[in-house]
Amino acid sequence: MALKILFSPSESKSTFAGDSYIRKENFTFAKLFHLRLEILKKYASFVKTASDKELCKLFGFKNLDTDDTLRDDIFAKGCIKAILRYDGVAYKHLNYRSLDTKAQGYIDENVLIFSNLFGPIMAGDLIPEYKLKQGEKINGLDIEKFYNENFSAAIDEFLQDDDVLDLRAGFYEKFYSIKKEYISFKFLKNGKVISHHTKAYRGKILKEISKNSVNDKTQLMTLNFEGLRLIDMKKIGLKTEFALEIEE
């Protein structure tokens, strides 16, 4: 039994290039690598041949003047752990590098990130820097639908013996719908549901979980998260939702 945590990626990414490149051994769900590769090849081809306007739309940029590496071949870019590649708000508050080896290993093995390009990847999987705006299509290809249709059965099997905590933003439910009982958090300030600070608190929660090597929902429910107070709990279908009041 373990606690598997579903997590969102971030638009912001580290530019650091490692000494490994895209290959099957870098990814979980290795038997489905040919399908992941199908998406990556479409992406690489489009980035190489698209107009500046098309690329701006794909990347979510106003112009391409700021970065002359955007058309570089993704297969020639060095890879690092996904948990280090992403460096948005949640990842900054997690501060993976500050954790000890045990906590880092826990994250590598238990956190499943839903990448806009690479699909479902473990935190310890190796990926290169890339740009892709959330929800954008590649030549009309609906990426989240592709991964949902082709990877959901593998994720079901991966999660079947474990408890699940869903810390994803709502958009990433398009990549995978949980088909067993799971836990999620809702954040409130002065009794009102908010979204502005949720990325930071998702990172803080993941940090606390990893430091305590939480293995199941019973252990999860005993944790106290700094700056958060449990005010309600309700069952909605398969979801057990904890309402947390932000006190900071």
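The values are calculated or read from the model by the stated rules, or taken from the named source; none is laboratory data. Every value quoted in this text rests on a predicted model; they were computed, and no experiment measured them. Here the Cβ is made from the backbone with ideal geometry for all residues, glycine too, and neighbour counts use every protein chain on show. Heavy atoms of the whole protein, side chains included, go into the accessibility calculation; ligands, DNA and RNA do not. Shrake-Rupley method; radii C 1.70, N 1.55, O 1.52, S 1.80 Å.
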Check your understanding: Looking at region 86-101, is at least one residue open to solvent by less than 20 Å² (accessible area, probe 1.4 Å), modelled with pLDDT of 95 or more and basic (Lys, Arg)?
Key -> no
Check your understanding: Does Leu32 fit the bill of being closer than 19 Å to Gln134 by Cα and open to solvent by 20 Å² or more (accessible area, probe 1.4 Å)?
Key -> no
Exercise for review: From (1) within 17 Å of Ser210 (Cα to Cα); (2) without any contact (Cβ under 8 Å) to a residue 60 or more places away in the chain, pick out the condition that doesn't hold for Asp142.
Suggested key: (1)
Review point. Out of all the residues in region 103-115, is one or more surrounded by fewer than 22 Cβ atoms within 10 Å (Cβ to Cβ) and farther than 24 Å from Lys211 by Cα?
Key: no
**Study point:** Matching option when the condition is assigned to a strand (DSSP E or B) and in contact (Cβ under 8 Å) with a residue 24 or more places away in the chain, among Lys4, Lys57, Lys42, Lys48
**Key:** Lys4
**Study point:** Selection from region 69-95 of residues that are part of a helix (DSSP H, G or I) and in contact with a strand residue (DSSP E or B) (Cβ under 8 Å, 6 or more places away or on another chain)
**Key:** Ala82, Ile83, Arg85, Ala90
